[in-house]
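Every read-out reported here was derived from the displayed coordinates using simple, explicitly stated rules and does not represent laboratory data. Because the structure is a prediction, the values reported are computed rather than measured. Reconstructed Cβ throughout: ideal geometry from the backbone, glycine too, with neighbour counts over all protein chains shown.
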Amino acid sequence: MKTGLRSRIRFIDSLGFRLAALLSIALLPIGLIAVAQSSRSIMESRRVSDTALLGRTAEAAASERTLLLTTFGAAEALGDSVLAAAERPEQCSALLRSFVAQSSVIDFVGYTDETGHQNCISSGVPLDVSGYEPFQIMAAQQEVLILASDGNRRVSEPSVDVRWPLFSEGRWRGYLYFGIPKSNIGSIRDYSEGVRRPTVITFNARGEILTSSLARDDLEGQLPEGHPLTTFAVDTEQVFRGRNNHGENRLFAVVPVIRGQVFAIGSWGPREDLTAAVSIPAAVLYPLLMWAVSLVVAYLAVHRLVIRHIREMRGQMRRFALGQRDTAPEVLTDAPAEIQEMSHTFHNLTRILIRDEDALEASLSEKTVLLKEVHHRVKNNLQLIASIMNMQIRRVKEPSARRVLKSVQNRVMSLASVHRSLYQAEQLSAARVDRLISEIVDQMAAVATDGHHRIDIRKDLAEITLYPDQAVPLALLTTEAFTNALKYIGRPTEGDPWVRVALSQPEPGLAIFSVENTLGTEIFGEEERDAQAASTGLGSQLIQAFVVQLEGELLTAAVEGDIYRLAVSFPVQAFTPA
């Protein structure tokens, strides 16, 4: 997770990303202008296309509009005459027959009075239509009504029926009924030979189809999918794109033919849509393409002139930092002048650093050898002193003097062990105190027991590295504590006597050193105890002093059951390898 985050951060901070961001900001106004202009052009083209389709739809329905308006005019002209002759059915019917004879489209005209009786007719026999739905609608609304009919007693074939209300002295007196066969309406449309007929359907406010240029079987399939015709029965022109009931993509245009009464919907194929091939996404595509090409060209140019040379220098610096310093990196000769100057400066810098590091390494090696020799000689001198003291111990007969010399000898040997650890360690400035403590314990145990007593020496030492300022007092503390443990060790009721030396690090920066020994039946005689250490209390004082030098704390120095335990905690100074 962290590696991925660093990679993203490096990418965001890279020169290529920043250049792309700046170019994007610089090209943004141009892109927005281009998008706005293209969108405006597309919207204008769409408006022109929609207007043209509305005009073509209105033109295709012009014959129906003319026919209906002509019928309305005839109704107004016939209205007064029919009302005047309504009491004389024969004269009234003769008037209507004369009108039908002169008309090439209208097949029937009849007058229906307010009671529903139809006696004044151009053909047929009188009827009582008071129970028919059209009469009931007319009686309730008393407005012009245009309906579609599949055939009735007056017009046997499918027709468009126009009912025109008649009023006299402000009172509704019935209506005129005009029956116009749909076949007659189709005959008046004028299409040139070879011209594709538009798909136009007229319908009334109730959603009933009045006329169509399509065959009856294909009529429903060309209507808009999921939209009843009553949805479009409004007096506003509209254009929308969608699917017909056959699932084909079509362009629909709706225009009012007779406001509030008759409407026309035209269905046009995709090729009629002048803006079908051009859309707002297409208007955005060109600026985006221009932006992308500009970024690619700029990035390639910057990569060739700058980025690849910087990456090469970065690789040289990384290899130099990781230790590849046999020779100075080569100067970039094919880079621009500024980068060449940087490369030349880095070349000179690495050459000087290699030379100085070689000199420092030689000097450090010489000093390391000398320091190891110093530690080695100090160790040898301390061991020589210990050997001389051992010779003196053998000559001294006084027990107290022997005890003092033996105690001093143990402390000298502990210091010798510290110096041996230092000159044998890889880091001359620090020592592994777990090894140092183990060596001191083994050395003192071998001398104290001398193979005559069975004592179990247990060691539990964690790997801890300390500076000499802490290693020396810890070594001397180990000497004093282990000496006391061997002096007062006893045989427990079960098992062999034992001494446990432990060094642990329960948490970073804190160490705990402890020495435990069993109590019970004494295993050393009085003479052997006297030979090990003096009972003067000096050991306890030295232990307190070494704890202070370690800047630690004496946790316990007491008997716990049949075990005596000494425990010290101290902070571990931070160690930084040289």
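Computed quantities for the displayed model
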| item | result |
| --- | --- |
| Spacing of the two label points (7 Å from each Cα toward its C-beta) at Arg314 and Val302, in nm | 1.3 |
| Peptides ranked, highest mean first, by Cβ atoms within 10 Å: ranges 39-45, 472-478 | 472-478, 39-45 |
| Under the Karplus curve 6.51 cos²θ - 1.76 cosθ + 1.60, θ = phi - 60°, whole-Hz ³J(HN,Hα) for segment 458-470, x wherever Gly or Pro sits | 10, 10, 9, 10, 7, 6, 9, 10, 10, 5, x, 4, 9 |
| FRET efficiency, 1/(1 + (r/R0)^6) with R0 51 Å, evaluated for Leu554 and Val331 via beta carbons | 0.20 |
| Two-site FRET efficiency, Glu463 against Asp13, from Cβ-Cβ distance with R₀ of 35 Å, rounded to 0.05 | 0.25 |
| From phi via Karplus (6.51, -1.76, 1.60), per-residue ³J(HN,Hα) for segment 138-155 in Hz, x at Gly/Pro | 4, 5, 7, 8, 6, 10, 4, 10, 10, 10, 9, 9, 8, x, 8, 5, 8, 10 |
| Cβ-Cβ FRET estimate between Glu507 and Val293, R0 fixed at 51 Å, reported to 0.05 | 0.25 |
| Segment 52-168 pair-distance distribution - Cα-Cα, 10 Å bins, rounded % | 12, 43, 33, 9, 3, 0 |
| Phi to ³J(HN,Hα) by Karplus 6.51 cos²θ - 1.76 cosθ + 1.60 over segment 73-90, Hz, x for Gly, Pro | x, 5, 5, 5, 5, 7, x, 5, 5, 5, 5, 5, 9, 5, 6, 10, x, 5 |
| Rg(Cα) / (2.2 N^0.38 Å) computed for segment 280-368, rounded to two decimals | 1.79 |
| Translational D in µm²/s for segment 335-400 (Stokes-Einstein at 10 °C, 1.306 mPa s, Kirkwood Rh from C-alpha pairs) | 93 |
| Cut-off under 5 Å, modelled amide H: who pairs with Asn152 long-range | Glu157 |
| More than 20 angstrom apart: percent of Cα pairs within segment 430-571 | 45 |
| Distant-in-sequence amide H partners of Val262 (H built 1.01 Å from N, under 5 Å) | Val257 |
| Above-threshold pairs, the threshold being 24 Å between Cα atoms, out of Lys367/Lys406; Lys406/Lys487; Lys367/Lys459 | Lys367/Lys406; Lys367/Lys459 |
| Segment 50-82-segment 347-368 distance, computed between alpha-carbon centres (Å) | 107 |
| Net charge of neighbours whose Cβ lies under 10 Å from the Cβ of Leu145, counting Lys and Arg as +1 and Asp and Glu as -1 | 0 |
| Built amide H within the under 5 Å cut-off of Ile523, gap 5+ | Arg491 |
| Potential lengthening between Asp562 and Glu494 on full extension [0.36 nm per residue; Cα-Cα distance subtracted] | 23.4 nm |
| Full-extension gain in nm, Gln544 to Val396, via 0.36 nm per residue minus C-alpha separation | 50.3 nm |
